[in-house]
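The values are calculated or read from the model by the stated rules, or taken from the named source; none is laboratory data. It should be emphasised that the depicted structure is a prediction, and the values quoted were computed from it without experimental measurement. A quick note on method: Cβ atoms are made from the backbone with ideal geometry, for glycine too, and the neighbour counts reach across all protein chains shown.
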Amino acid sequence: MVQEYVSDALVGNLVDNRYRVQFRLARGGMSTVYLATDQRLERDVALKVLHPHLADDPQFLDRLGREAKAAARLSHPHVVGVLDQGEDGRLAYLVMEFIKGHTLRDVLNDKGALSPRLALALIDPVVEGLGAAHAAGLIHRDIKPENVLIADDGRIKLGDFGLARAISTSTSTGALIGTVAYLSPELVLGKQADARSDIYSVGIMLYEMITGRQPFDGDVPIQVAYQHVNSTVDAPSVHVPGLAAEIDELVQWCTDRDPDKRPVDGNALLSELRHIRTNLSDAELDLQPPAAVHPAMAAPPARPPASAAAAAAVFAASGAQDTAHARPPADLPAESPTEVYGSLQQPTEMISRSSGNPTTVMTNAPKRPAYGPLSTPDEAADELAYQGGAGFDGSGFDGSGFNGGADAAAPSKRTQRKLDRDEEKARQRAAATPTKTLHQGNARRRGMLWLVLLVLAALLAAVAGWFFGMGPGSPGTIPPVANKTVAEAQDLLRTAGFQSTVKDVFDDDVSPGLVVGSEPNAGEVIRKFQPVSLAVSKGPQLFPLPNLTGKTLDEAKTALNAAEMALGPVTETYDETAPAGTVLAQAPRSGNPVRHGTPVGLTVSKGPQPIPVPDVRGQEQGAAVKALEAAGLKAVVAPDPVNDRNVPKGAVVAQDPASGNLTKGGTVTLTISKGPKLVQVPSYIGKQATDARKALEDLGFQVKIDNILGGFFGTVRAQDPVDTAVPEGSVITLTVV
């Protein structure tokens, strides 16, 4: 075991009175990982202690707790188990399964690139574990080679579930959480991530495993992120000539920029991946990429591993142990959310061609293990022994798995399948044929054994008959319990042989404290050991009414619909301040808790009340102003009075408006009379009466004629008034002779 020998205050201390910290393994951007011993269970664990800026965030810790619980519920052989989560003072920590081994990044650093067979065999368990996580509703968000852990015994696990999601949820600045080389376009754009985001990262990782390089690079991370959003991932065959078209299609299917065009989740990808592995030829699977590193002393295996465990073992045997503990090169990201350190205690060794005990081919060779990640550990071990044939000498075994020399032709796939079926049938017949009897020749003991078995079978039958006939397994009918108290309902169920639990529910019709119903429903027949749940009414669920005052009538209707309330009676009234159509009041008032569907009455403004304009023309100015103010209107006097022969001085000659309606405070303009205009009366004495009369009337006067002696001559003898100014319209008297 190699660790960092650095000074650390936690080393040697006890965390949460349970985890004794042995030493620090690594430090990353979000946490520091220690090897610790669980004092209670006496086992080594990986203790991930979060950095203070995360541990001091209560909301983040709450989210982390939920994510850790969700990840802990996921139990799968290809997912690193989350064992515990908690806080100790200002320390926040996660406890995870300790995997002794190395990572897929170490393998890629050592090998450069992998053959399709090895790449598919290694990624198969990763996708299988991811599929199980997706089925459980978990999203990883940070798939990369550093999080693919390969144990010394060949187990492959995917680590660091939950932490990336909790971190990304806690950020308020839109920061990208994850390794930029494997981020999906939707994560770069800040959109919601789902299972298809993980599929994109798997496609990028598979591309790197086969080609030995990542599809996008740049001087700064933002350049790589930009390419994820705007560029299409090249087919791996661009860098690996001769690569099967099915693998190109698989990688480009996973890395499509449109999430809708990718596999929906890990399980969908797994079925296609295994289909491709089954249908590709050996030549296509064993193609060596140009970037692959070929060890100088190791010949290529006669047949690559058939399972992920065997693949991991081959890597350990061919030099992965040298990189399992190496620090990442300076030009590669050192951050790895789950760090794994360990040594290979029993590394697999290659058998030299000069071995003194060459393997020979037996006539009835055992069947080779089934291809794929579903092979058993024994089959994987057999597969490793089979691969050792690359080191055999020339005793007729040519390294291809068949006897007959370099010129021997391999059987066709159809022939091979027939041979495999015949071999399987022979194996099953051999397994079904006993080779030795038990206690041969002791008939009495066999008779006693049969007697005991018969008695046990009879007892089991009797117990089963009682259990399913009269006991807890017997059927029973759920009695009706609606509108009964909890005690009454439970008594009825106990009498019928059932046990019950209680849960509170809202109900608009059943009074609080009474039973709404049961699950299963009354009248259903179930086994008596099955639980029955009683739903007890808490009364109607009440909701606060929204405030509708000040809204328009249409806005109030929309708000009532959104709150699932009904519109009650609408009353209209005049209001001097609120515009027409504005809600003035509501009943019930806002904030009152009511049921859904409660009608809400509204009082709506019709606007200011109209006031008829009174006619004050001819009235004295003061009286006219008072009359208008009494009606709620405002009188305004025009600045320039006018002369009027009919309206006396100081009285109202005109008003604007003269009629119609105004609202309260409306303005009426009054024009005041200066009285009649003064006109100079000229003298018409000695003039003819007809001429004088016409001239005076033209000046606006009224003319009165007094005839003396019958007015025979028609001459004005006298005039009153004369040579003075009098009001227009005055009467001028002419005396005519």
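Out of Asp160, Asp110, which single residue is assigned by TED's automatic domain parsing to the domain that holds Leu183 and assigned to a loop (DSSP other than H, G, I, E, B)?
Working: Asp110 fails: assigned to a loop (DSSP other than H, G, I, E, B).
Sole residue among the options that is assigned by TED's automatic domain parsing to the domain that holds Leu183 and assigned to a loop (DSSP other than H, G, I, E, B): Asp160.
When the range 594-621 is examined, which residues are found to be in a strand (DSSP E or B) and either of a type outside the set (S, T, N, Q) or in contact with a Lys or Arg (Cβ under 8 Å, 6 or more places away or on another chain) (or both)?
Of everything in the range 594-621, those that are in a strand (DSSP E or B) and either of a type outside the set (S, T, N, Q) or in contact with a Lys or Arg (Cβ under 8 Å, 6 or more places away or on another chain) (or both) turn out to be Val594, Pro599, Val600, Gly601, Leu602, Val604, Pro610, Ile611, Pro612, Glu620.
Quick check: is even one residue across the range 662-681 polar (S, T, N, Q), outside any helix (DSSP H, G or I) and under 60 Å from the mean Cα position of the chain (by Cα)?
Looking only at the range 662-681, we keep the residues that are polar (S, T, N, Q), and these are 663, 667, 669, 671, 673, 680.
Keeping just the survivors that are outside any helix (DSSP H, G or I) gives 663, 667, 669, 671, 673, 680.
Retained after the next criterion (residues that are under 60 Å from the mean Cα position of the chain (by Cα)): 663.
Yes, the range 662-681 contains at least one residue that is polar (S, T, N, Q), outside any helix (DSSP H, G or I) and under 60 Å from the mean Cα position of the chain (by Cα).
Being outside any strand (DSSP E or B) and closer than 30 Å to Gly607 by Cα is true for just one of Ala695, Ala624. Which residue is that?
Numbers: Ala695 fails: closer than 30 Å to Gly607 by Cα.
Matching residue, one of Ala695, Ala624: Ala624.
Give me the strands (runs of 3 or more DSSP E) completely within the range 1-75, filtered to those with at least 2 residues that are over 38 Å from the mean Cα position of the chain (by Cα), ordered by residue number.
19-27
Table: residues versus (1) on the phi > 0 side of the Ramachandran plot; (2) crowded, with 19+ Cβ neighbours inside 10 Å; (3) hydrophobic (A, V, I, L, M, F, W, C).
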site: Phe23; (1), (2), (3): no, no, yes
site: Gly28; (1), (2), (3): no, no, no
site: Arg40; (1), (2), (3): no, no, no
site: Ala46; (1), (2), (3): no, yes, yes
site: Asp56; (1), (2), (3): no, no, no
site: Arg63; (1), (2), (3): no, no, no
site: Arg66; (1), (2), (3): no, no, no
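Given the residues Leu553, Leu567, Leu534, which is the only one that is closer than 30 Å to Pro610 by Cβ, surrounded by 12 or more Cβ atoms within 10 Å (Cβ to Cβ) and in contact (Cβ under 8 Å) with a residue 40 or more places away in the chain?
The conditions single out Leu553.
Take the residues of the range 642-674 that are over 28 Å from Gln609 (Cα atoms) and crowded, with 17+ Cβ neighbours inside 10 Å: which is modelled with the lowest pLDDT? Spell out the reasoning first.
Restricting attention to the range 642-674, the residues satisfying the condition of being over 28 Å from Gln609 (Cα atoms) are 642-651, 653, 672-674.
If we keep only those that are crowded, with 17+ Cβ neighbours inside 10 Å too, we end up with 644, 647, 651, 653, 672-673.
Values: Asp644: 81, Val647: 85, Ala651: 89, Val653: 87, Ile672: 90, Ser673: 87.
Going through the qualifying residues, I end up with Asp644.
Could you pull out the residue among Gly137, Gly89, Gly112 that is within 23 Å of the chain's Cα centre (by Cα) and either crowded, with 20+ Cβ neighbours inside 10 Å or at pLDDT below 95 (or both)?
Of Gly137, Gly89, Gly112, the one residue that is within 23 Å of the chain's Cα centre (by Cα) and either crowded, with 20+ Cβ neighbours inside 10 Å or at pLDDT below 95 (or both) is Gly137.
Which residue pairs have Cβ atoms under 6 Å apart, sit 6 or more places apart or on different chains, and have a first residue in the range 195-218 that is more than 16 Å from Leu118 (Cα to Cα) and a second that is outside any helix (DSSP H, G or I) and of a type in the set (Ser, Thr, Tyr)?
Ser197/Ser184; Tyr200/Ser184; Tyr200/Thr255
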